[in-house]
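Some notes on the structure that comes next.
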Amino acid sequence: MKAIKWVGVAALAAVAGAAQAADEGNWMVRARALYMNVDNDNSGGLNGALGKVEAENKVFPEVDVTYFFTPNIAAELILTYPQKHDVELAGSDIGSIKHLPPTLTLQYHFNPTGTIRPYAGLGVNYTRFSSVDLNVGGTTPLKIDRDSWGWAVQVGADYQLAPQWFFNVDLKYVTIDTDIYVKANDTKVTKLDINPLLFSVGIGYRF
């Protein structure tokens, strides 16, 4: 009888937890400040002689929208506006590019009704490059592939501040890269591997 009693208590606790999550709503919107630490892991050109191509690190605002399919499983879409990066070749400025990197992840939330709610996610990133202005020595215009597809992994946690309000910390690694060509003859000369580590903090509201 004691075993049946404890099974019943556990079942009631699970139902109560699911009901609490449902009461908070299936949607969460967060506003976060994000630091983008660029990997710049490239070899310095196809022949190794050009020098390393590097994009700058950035801090910028980000908004994400999360939908909870169940208390534990959710999908998150990360959005921002196009970000401008200054680009260097072998330490010398060669211009700038902009990139827009929406990212979609599928998450598992480990403690969906607790005060501290850690999660992990895996997903896909699509990056669109625009406003490309790259030129070597003022005489050799360059161009790049405008589209990049890659993977995204994340870990993070929400800390409940008040009913429906949360403080969020999030860490992501995203694969973003593009090939660089001489514009005049379409000769591929090097590659820009951005592959950023993204650290963000912010506030979320669930409804």
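Here, each number is a calculation from the coordinates, and none is a lab measurement. A quick note: this is a predicted structure, and the numbers were derived from the prediction, not measured. Note: ideal-geometry Cβ built from the backbone for every residue, glycine included; neighbour counts use all protein chains shown.
Could you say whether any residue in the stretch 81-95 is touching a Ser or Thr at 6+ places or on another chain (Cβ under 9 Å), loosely packed, with under 14 Cβ neighbours inside 10 Å and assigned to a strand (DSSP E or B)?
Looking through the stretch 81-95, at least one residue is touching a Ser or Thr at 6+ places or on another chain (Cβ under 9 Å), loosely packed, with under 14 Cβ neighbours inside 10 Å and assigned to a strand (DSSP E or B).
Report, by residue number, each residue of the stretch 150-176 that is more than 12 Å from the chain's Cα centre (by Cα) and within 20 Å of L122 (Cα to Cα).
Once the filter is applied, which keeps residues that are more than 12 Å from the chain's Cα centre (by Cα) and within 20 Å of L122 (Cα to Cα), the stretch 150-176 yields A157, D158, N168, V169.
Any idea how many residues of the stretch 104-146 are among the polar types (S, T, N, Q) and within 18 Å of V65 (Cβ to Cβ)?
Looking only at that region, the number is 3.
Could you please find all residues in the stretch 99-136 being in a strand (DSSP E or B), over 18 Å from T190 (Cβ atoms) and hydrophobic (A, V, I, L, M, F, W, C)?
Selection gives L100, L104, L106, I116, A120, L122, V124.
Suppose we filter D147, D133 for residues that are closer than 22 Å to Y81 by Cα, within 20 Å of the chain's Cα centre (by Cα) and charged (D, E, K, R); which single one remains?
After ruling out the rest, the residue left standing is D147.
If a residue counts only when it is touching a Lys or Arg at 6+ places or on another chain (Cβ under 7 Å) and in contact (Cβ under 8 Å) with a residue 24 or more places away in the chain, which strands (runs of 3 or more DSSP E) contained entirely in the stretch 137-207 have at least 1 such residues?
Answer list for the stretch 137-207: 140-144, 147-162, 165-174, 177-182, 197-206.
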